[in-house]
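Report on the following structure.
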Amino acid sequence: MKLEEKTLSSKTIYDGKIVTLLLDEVELPNGRKTKREVVNHPGGVTVAALTDDNELLFVRQYRYPFKEVVLELPAGKLEKGTTPLENGKRELLEETGAIGYNYISLGSQMVSPGFCNEVVHMYMCRVERFEEQQLDEGEFLNFEKIPIDKAVEMVLNNQIFDGKTQTAVLKAAMLLKSGKI
């Protein structure tokens with residue numbers, strides 16, 4: 001069975017600073033027509049940075065859509081003209097003051113493919129040294145270190161709710177256990 005849908009028309013409903021909302025009309029594989037709401041997002045990056053003591057660097061940040069403080073790995077939106085890895089290094093420095101080395105890709109993941117095209121690129125690294133945080137204007141967060149074994153336990157107990165962080169923590173723990181980093 002053919003699964004692809006054909007775009008018949010596309011209308012921009014909202015064009016914001018971070019996202020664009022489209023309303024598309026599509027033809028389904030059976031020939032029927034329907035509408036699709038699509039959020040275009042530039043994508044993101046997150047970094048699982050490990051200290052010499054195998055602690056991961058985390059940030060606690062208020063996330064307005066959920067109206068709560070969320071525990072996450074350092075992360076951010078992709079900036080035009082730079083690679084995901086360059087963005088990851090920048091975000092790690094900005095949010096934690098850490099300079100990393102021995103970066104390894106942990107792959108990428110679709111955030112919510114039913115309506116949004118955001119892809120998050122994940123990396124792992126070792127922490128070489130710390131400098132001063134370089135938070136963006138209007139960015140408020142607390143930085144902390146959590147042993148990787150404790151972080152895995154927190155993921156499994158749903159104490160870490162953020163999807164990109166869950167994925168990166170578990171992948172990083174598996175690589176560490178296998179001796180690949």
Within 10 Å of each residue's Cβ, count the other Cβ atoms and sort 35, 2, 164 from fewest upward. 2, 35, 164
The local net charge around residue 181, scoring Lys/Arg +1 and Asp/Glu -1 for residues other than residue 181 whose Cβ lies under 13 Å from its Cβ, equals +3
With a ≥ b ≥ c from the Cα gyration tensor eigenvalues, square-rooted, and the rule rounded for a/c under 1.5, otherwise prolate when a/b > b/c and oblate otherwise, the range 108-161 is oblate
The range 44-178 - charge dipole about Cα centre, Lys and Arg +1 at Cβ, Asp and Glu -1, debye rounded to 20: 460
Using a Gaussian network model of the chain with C-alpha springs under 10 Å, which one of 21, 93, 56 is most mobile by mean-square fluctuation? 21
Per DSSP loop assignment and a cutoff of at most 10 other beta carbons within 10 Å, the chain keeps its longest run without exposed GluC sites (Glu not before Pro) at 5-130
Using θ = phi - 60° and the Karplus form 6.51 cos²θ - 1.76 cosθ + 1.60, what ³J(HN,Hα) does each residue of the range 57-65 get, whole Hz, x for Gly and Pro? 8, 10, 10, 10, 9, 6, 10, 3, x
Selected from 92, 73, 141 as most flexible by GNM, with the chain as the system and alpha-carbon contacts under 10 Å: 141
Cα-based Rg and Dmax for the chain, where Dmax is the largest Cα-Cα distance (Å): 18.6, 58
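Computed from the coordinates by the stated procedures, all read-outs in this text should not be read as laboratory data. These numbers come from a predicted model, not from an experiment. As a convention, Cβ positions derive from the backbone with ideal geometry for all residues, glycine included, and neighbour counts pool all protein chains shown.
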